[in-house]
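Comments concern the structure below.
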Amino acid sequence: MTTYIIRRLLYTIPIIFGVLLVTFLLFNVVGGDVSAEIAGKAASKETIEEIRREYGFDKPLFFSSDSQFIDHLKNAVTFNFGRAYDREPVTAKIKRGILPSLSLTVPMFFGLLIISISLSLVVSFVRGSKWDTAAVVICVAGMSIPYLSYILFGQYFLAYKWGLFPVFFSPDLSPVQYVALPVIIGIVSGLGSNLRFYRTVMLDEMRSDYVRTAFAKGLTTSRVLFKHVLKNAMIPIITRVVLAIPFLFLGSLLLERFFGIPGLGYLMIEAIGSRDFRVINAMTYISAILFVIFNLITDICYALVDPRVSLD
Amino acid sequence: MTEKESTITACATGAGKAQPPKGRSLWADGLRRLRKRKFAMVCFCIVLLYFALAAFLYLAEFFDWQVGPIKWSEQVGESYQKPSAQNIFGTDIFGQSVFRKTLYGAKISLTVALCASFISLVIGVPLGAIAGYFRGFVDEIIVWVYSTLSSIPYILLILAFAVVLRDKTLFGHKLTGIAAVYLAIGLTSWVGICRLIRGEVIKHKDREYILAARSYGCSKGRIIFKHLIPNVFHLVIIDFSLRFVAFIHAEVILSFLGFGEAHRPSWGAMINDARIELSRGVWWQMLAATIAIFFISLALNIFGDALRDSLDPKLRTE
């Protein structure tokens, strides 16, 4: 077991290195020298030169002991992301954004999880009936409406027209107030695909032999569903949940953009608008690390829980 | 008992003729199953309609036919007119017909989704097949590349590509508008198909037909491209009928974020316009784009599911 965990840990090193290579290729090689862009249109040659030196664009790209790539690796390992193009440290920006983002994504995620799992149990209870078909059709239809339409129409009708919620974030509102509508929109827009996923999971379990045995010994449908099926369906559900956690830290790009919530998603949108590669680089790297860590946790949990997982 | 088995037994016990029953290929069988699903065929027709519209717009643009959607920039009325019999979806700020813009948007969206599919197929399928066939060091490198890409959240990766690629010159062409969008989508979304093909090729490479091909002295390239890939290609079709929807939605989001076409109408650009218009009570442009996206997504989702049910041998149990 220990050797398995160590091997699994070592395997994350090439992955992290790969992520750093991708971000380097994207932002330093393809993106190139953006010091003139940072300095602005009216900047003098000296200013541009100074910025070029600060961001290290004057160094060779790869093959030198003092190359941009070595700097990139060093910065990543020490979590030193430097200053964004508006001169504020990237780390400070990210720290500021985490809380608003989490206050949006955590209730959204758990709300969606609870609602779609309970609905999927109901749907698998009535499987094969007209209600089941109707549920699937509604799910597919819900998945086909573009995400932006949910947000725009939700904001327009619920907040702007009917005044049920505040339209935009403002600092004097309580978090519950400004987060309520985005959370509702997020849940409604994600319900289609989630419900369909959990329904498939539940129905896959329904076909197993142990369900037939449970029915054969005379258990009621509800007892089979809640006692046996739900317990066994927990494995795919937990996988999905654990792997979704890193994304909670990312916030929600579009929801934060529309409701003006100053989280990490908003930070990304701003960075994209101003082509701030430093911020995008830091966000990409941090989220990849989180993803790798949670992936590792899932694998180790599997090995701990499920005796069939081979440790080779 | 499956239908195939029943035909075989019927033939074997029936007339007792010497000639063996004619087997159906996977494709013929799949198509026959698909044709029985009337609703899926309706959806397929809707998808075809969208494609026909896009193709027609290309032709019209090429031959300079003066049809409605090509003249989308023409002023047909006053600005922000409500939907009426004349203009089904009303007019936008410049008095242009929203209906024409929506039709024209099909061309942009489908072009982006097609090009992105093409790019990700061209990268993903050969890489997956090569990794699965050769295993060893080559496999490890390819798996490393896609594990790396898949550990970066998809939306960040796609945005990073789009930001970097915009206004760059590639082989002498400036990447403006939709080129950056489909490159960003294509270059980031080959991972899924690559993983799928690799897994399937690993299962196939020890089967008898590959052994036979090898004993004939087929070259490795021939085995991979002439024998292995055609035998797993139905998975690619299934995967892409569903992934195509995701590409259309990605185009909308990227256009909305300002990466898309700036001078021609696309569904994403229309939604972006609608963001400001909604506060003035102008909802028709938003509705038109939503409806256009909704129908092609719905049709593709349903058709893709039906396709999977009829082509994937593992699911054919009815």
>> Which of A:189, A:287, A:44 ends up with the largest GNM mean-square fluctuation for chain A, with Cα atoms connected below 10 Å?
In response: A:44
> Using a Gaussian network for chain B with springs between C-alpha atoms less than 10 Å apart, which of these wobbles most: B:239, B:206, B:139?
Replying inline: B:206
> Between residue B:96 and residues 5 or more places away or on another chain, which pairs have amide H atoms under 5 Å apart, with H built 1.01 Å from N, and which residues are they?
Replying inline: B:76
> Karplus couplings for segment B:188-193 from phi (6.51 cos²θ - 1.76 cosθ + 1.60, θ = phi - 60°), rounded to Hz, Gly and Pro as x?
Replying inline: 9, 10, 7, 4, x, 5
> Helix A:175-206: angle to the longest alpha-carbon principal axis of chain A, degrees 0 to 90, nearest 10?
Replying inline: 50
>> If I take every Cα pair under 8 Å that is 6 or more residues apart in segment B:74-196, average their sequence separation and divide by the length, what percent do I get for the relative contact order?
In response: 26
> For residue A:70 and residue B:94, what does the FRET efficiency come to when R0 = 56 Å and r is the distance between their Cβ atoms, rounded to the nearest 0.05?
Replying inline: 0.60
> Which pairs, out of B:22/B:205; A:130/A:227; B:22/B:220; A:231/B:205; A:130/B:22; A:41/A:95, put more than 29 Å between their alpha-carbon atoms?
Replying inline: B:22/B:220; A:231/B:205; A:130/B:22; A:41/A:95
> From the cross-link list B:203/B:226; B:71/B:107; A:45/A:93, which pairs have alpha carbons spaced over 19 Å apart?
Replying inline: A:45/A:93
> Residue farthest toward the positive end of the dipole of chain A, with Cβ of Lys/Arg at +1 and Asp/Glu at -1: which of A:38, A:214, A:232?
Replying inline: A:214
> Which of these, B:202, B:210, B:302, has the largest mean-square fluctuation under a Gaussian network model of chain B (Cα springs below 10 Å)?
Replying inline: B:210
>> Let me confirm one metric for peptide A:135-147, namely the mean number of other chain beta-carbon atoms within 10 Å of its residues' beta-carbons.
In response: 5
> Using the per-residue mean of other Cβ atoms lying within 10 Å as a proxy for protection, in what order, highest first, do the peptides B:250-262, B:72-84, A:194-206 fall?
Replying inline: B:250-262, A:194-206, B:72-84
> Among the lysines, which have Cα under 20 Å from the Cα of residue B:36 when same-chain residues fewer than 8 positions away are ignored?
Replying inline: B:4, B:314
> How much mean residue ellipticity at 222 nm does chain B get from its helices, if each DSSP H run of length 4 or more adds -39500 (n - 2.57) and you divide by all residues, to the nearest 500 deg cm²/dmol?
Replying inline: -22500 deg cm²/dmol
> Which of the lysines could a cross-linker bridge to residue A:59, judged by Cα under 16 Å and excluding same-chain residues fewer than eight apart?
Replying inline: A:74
>> Give me the extension gain from residue B:312 to residue B:24: residue separation times 0.36 nm, minus the current Cα-Cα distance, reported in nm with one decimal.
In response: 102.2 nm
> What angle do you read, to the nearest 10 degrees and between 0 and 90, between the alpha-carbon axis of helix A:230-250 and the longest principal axis of chain A?
Replying inline: 20
> By how many degrees, between 0 and 90 and to the nearest 10, does the Cα long axis of helix A:2-24 differ from the longest principal axis of chain A?
Replying inline: 50
> What nm value, rounded to one decimal, do you get for the distance between residue B:74 and residue B:141 when each label is placed 7 Å out toward the C-beta?
Replying inline: 5.7
> Across peptide A:291-298, what mean number of C-beta atoms from other chains lies inside 10 Å of a residue's C-beta?
Replying inline: 1
>> Whole-Hz ³J(HN,Hα) for each residue in segment A:164-171, computed from phi via Karplus 6.51 cos²θ - 1.76 cosθ + 1.60 with θ = phi - 60°, x for glycine and proline: what do you get?
In response: 6, 9, x, 6, 10, 5, 9, x
> How large is the dipole of segment A:1-147 about the Cα centre if only Lys and Arg carry +1 and Asp and Glu carry -1, each at its Cβ, rounded to the nearest 20 debye?
Replying inline: 580
> Hey, got the average number of other protein chain Cβ atoms within 10 angstrom for residues in A:149-156?
Replying inline: 5
> Using the count of nearby Cβ atoms within 10 Å as a rough guide to exposure, how do A:301, B:115 rank from fewest to most?
Replying inline: A:301, B:115
> Expressed as a rounded percentage, what relative contact order does chain B have, with Cα pairs under 8 Å and six or more residues apart?
Replying inline: 24
> With +1 on each Lys and Arg Cβ and -1 on each Asp and Glu Cβ, how big is the dipole of chain B about its Cα centre, in debye rounded to the nearest 20?
Replying inline: 1040
> So what J values fall out for segment B:90-100 if you push phi through Karplus, 6.51 cos²θ - 1.76 cosθ + 1.60 with θ = phi - 60°, rounded to Hz, Gly and Pro as x?
Replying inline: x, 10, 9, 4, 8, x, 7, 6, 5, 4, 4
>> Quick query: amide H of residue A:84 versus all other amide H atoms, modeled in the peptide plane; which residues come in under 5 Å with a sequence gap of 5 or more or a different chain?
In response: A:90
>> Given the -39500 (n - 2.57) contribution per DSSP H run of 4+ residues, what per-residue ellipticity at 222 nm results for chain A, rounded to the nearest 500 deg cm²/dmol?
In response: -23000 deg cm²/dmol
> Given a cut-off of under 8 Å on Cα pairs at least six residues apart, what relative contact order in percent is computed for chain A?
Replying inline: 24
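No lab work stands behind these numbers, since they all come straight from the coordinates. All of these numbers come straight from a predicted model, not from anything done at the bench. Using ideal geometry, Cβ is built from the backbone for each residue, glycine included, and neighbour counts are taken over all protein chains shown.
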